[in-house]
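Asks: Quick one: structure below, then a few questions.
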Amino acid sequence: MARFETIAIPHDDIMQGRFTMAIYAANLWEVFNQSKSCPEEYKDSKEFFNKTHLTKEMSNLLSIVEKRLKGQIADPVIHLQTPFGGGKTHTLIALYHKAVEWKANKVVIVGEDIWSGSNISKFDTLWGLMEKQLTGKIHEFEGPVPPGGDQIRKLLEPYSPVLILLDELIPYLNKAEAIDTGNKKTLTSQTLTFLQTLTNVVSSMPDACLVFTTTPSNPYDRSPKGLQIVKDLQTITGRKDTPKSPVEDDEVSYIIRRRLFKKIDDKEAGKIVNEFVEYIEKNSLLPPDIPPSEYRKRFLASYPFLPEVIDILYHRWGSFPDFQRTRGVLRLLALVIYSAKEKGLPYISLADFDLTVQDLRQELIKHIDPRYFPVFIYRRYGSRHHAY
């Protein structure tokens, strides 16, 4: 059989071992500011879409927002809600790049990047940042008291069409809870009031659109108060928003293939897939309740990875609260590809996770209790390693 890397050709950064977690950690704030530390594949629109598999829901979302910004009937407020690392920020970056093409003004706010460390100021408000980005200064929206609907409309209308992108609001709201704005109110409660007013205003304007992200839980604060913040945010914005999920489970394989490989010869991949399926079917090794045709289809979609590799990493490992589902899987698989690229493998199975490679071993261990480290015992079978 042919080697997988001659059929599914990895991107140059993987073949040369130049990848870091930052390459797979999309950051909307760095894209907006064209930060030097931001990988070019996120900052450059052409490069970004070359490496991005547009899922059905992402394509649909882009269409909805474009219609809205052009004054057509479409959802005005869109809520992206997925588990931690479920593709939300990547979708916002796609919208950011498209907004330039659509000639729309943009407001970009990333909650976790508003404050650094303990440098918390009551003047770091969402409404102040919104005014500064649109007008170049904070004048009307100073202070911790949020503006009313008429004030927000007066700000937005001259800059329409306008797209407002709000990412990672939860960490901001967590920190804002510590700021007392008077009258027994915190900056968190003031911010929630502002968001409710903002959704109402955007909904009433013909060419304004608000897209924001949350997670089903609070990955930064799992205390009762942290969970209540998530609930309050969802309740307030839920009156106007349309919930969307950018990635469906059956599209994960295509996202991974597009992001990790620059070219895949589907004809040659099909030969290997067919030979493999014939072998496991003949030897009664097919997973239970999966017909050969279905397994073949899944393997073609995930090649060079066996379907079980994607299933376990994305679904089982995705259950760890601190595991970034999409970027975590990409990082792990990039390490696996780099460690396996010269071993003559026709495909990659879970048995090909070479746990003698320190970076790969540490990437796995950091998501589980370090006490399990002794469980990683290595047994060599030819060129393959198994973990027990």
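Values quoted throughout were computed directly from the atomic coordinates according to the rules given, and no laboratory measurement underlies them. Remember, predicted model here, so these are calculated numbers, not experimental data. Cβ sites come from the backbone with ideal geometry, for glycine too, and all protein chains shown count toward neighbours.
Asks: Suppose R0 equals 41 Å. What FRET efficiency, 1/(1 + (r/R0)^6) with r the Cβ-Cβ distance, do Lys262 and Gln72 give to the nearest 0.05? Numbers along the way, then the final one.
Replies: Numbers: r = 36 Å, r/R0 = 0.89.
Given R0 = 41 Å and the Cβ-Cβ separation, E is 0.65.
Asks: Applying 1/(1 + (r/R0)^6) with R0 = 22 Å to the Cβ-Cβ distance of Leu355 and Ile312, what FRET efficiency is obtained, to the nearest 0.05?
Replies: 0.90
Asks: Still on this structure: Please compare each pair in Lys51/Lys88; Lys98/Lys263; Lys103/Lys175 to a cut-off of 28 Å on the Cα-Cα distance and tell me which ones are over it. Please report the intermediate quantities before stating the final value.
Replies: Details: Lys51/Lys88 16 Å; Lys98/Lys263 25 Å; Lys103/Lys175 34 Å.
Table pairs above 28 Å Cα-Cα are Lys103/Lys175.
Asks: Further question on the same structure: Extension gain Asp289-Glu101, at 0.36 nm per residue separation less the Cα-Cα distance, in nm?
Replies: 63.0 nm
Asks: Using mean Cβ contacts within 10 Å as the protection proxy, how do 194-202, 156-164, 177-185 order, highest first? Display every interim value, and only then the final one.
Replies: Values: 194-202: 21.0, 156-164: 18.9, 177-185: 13.0.
Top to bottom by mean Cβ count within 10 Å: 194-202, 156-164, 177-185.
Asks: Residue-wise, which Karplus ³J(HN,Hα) couplings in Hz belong to region 55-63, taking 6.51 cos²θ - 1.76 cosθ + 1.60, θ = phi - 60°, and x for glycine or proline?
Replies: Computed from phi, the couplings for region 55-63 are 5, 4, 6, 5, 4, 4, 5, 4, 5 Hz.
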